[in-house]
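A short worksheet on the structure shown next.
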Amino acid sequence: MPKRNGKSTGKRVSISRPTTSKFVQRGLRGYFEYRDLGIKRATGGKVITHVIRARPGKAPHGDWHWHDCTVQFVYVLKGWVKMEYEGSGVVVLKAGACFNQPPRIRHRELAHSRDVQLLEVVAPANFKTYSAPPPG
């Protein structure tokens, strides 16, 4: 373990490989699969990161909701995703784009490509999601 001034810093390198962390069908949305990248454990629950990909034959519900978190950052690795945000309207984000969702903003996913893959970072790791009425 790394040391500073003779004391342990409590920091460890966290490594996630596709051979050791597989996609699973359990997660926030039933139309996605999630691959946990191990950051939740490495940060003691401060942050969670995962790769999200579309489940074949499953489509988003388009339900309005919000997350009780301080940070939610998403980077589109592959494909595209169509989102709608309170105050911003509908946006289509393609591979290479990223978006930061402000805390508690109402939003919904309208569609995504069959090959969509997203990298998501959320803090804290154990956040709650709430259904919401449409803005307006």
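The values are calculated or read from the model by the stated rules, or taken from the named source; none is laboratory data. Fair warning: this is a prediction, and the values are worked out from it, not measured in the lab. Virtual Cβ from ideal backbone geometry, glycine too; neighbours counted across all protein chains shown. Heads up: the accessible areas ignore ligands, DNA and RNA and are worked out on the full protein's heavy atoms, side chains in. Shrake-Rupley method; radii C 1.70, N 1.55, O 1.52, S 1.80 Å.
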Checklist entry - Could you work out the helix-only [θ] at 222 nm for the chain, with each DSSP H run of four or more residues adding -39,500 (n - 2.57) and the total divided by the number of residues, to the nearest 500 deg cm²/dmol? => result -500 deg cm²/dmol
Checklist entry - What ³J(HN,Hα) values, in whole Hz, does the Karplus curve 6.51 cos²θ - 1.76 cosθ + 1.60 give for the range 100-105 when θ = phi - 60°, with x put for Gly and Pro? => result 10, 8, x, x, 6, 6
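Just add up the charged neighbours of CYS69: K/R +1, D/E -1, any other residue whose Cβ is under 15 Å from the Cβ of CYS69.
+3
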Item to check | Candidates ILE52, ILE105, ILE15: whichever shows maximal mean-square fluctuation once the chain is modelled as a Gaussian network with Cα springs under 10 Å | outcome: ILE15
Checklist outcome for this item: For the range 79-92, Karplus-derived ³J(HN,Hα) couplings (6.51, -1.76, 1.60; θ = phi - 60°; whole Hz; x for glycine and proline) come out as x, 8, 9, 10, 10, 10, 10, 4, x, 10, x, 8, 9, 10
Checklist outcome for this item: Taking placed amide H atoms and a strict 5 Å upper bound, the residues 5 or more places from ALA125 or on another chain that come that close are LYS46, VAL47, ILE48
Checklist entry - Can you give the accessible area of THR70 in Å² (nearest 10), computed on protein heavy atoms with a 1.4 Å probe? => result 100 Å²
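What is the Cα radius of gyration of the chain over 2.2 N^0.38 Å, N being its residue count?
1.16
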Checklist entry - Given H placed 1.01 Å from N in the peptide plane, which residues other than close sequence neighbours of VAL116 have an amide H under 5 Å from its amide H? => result ALA54, TRP80
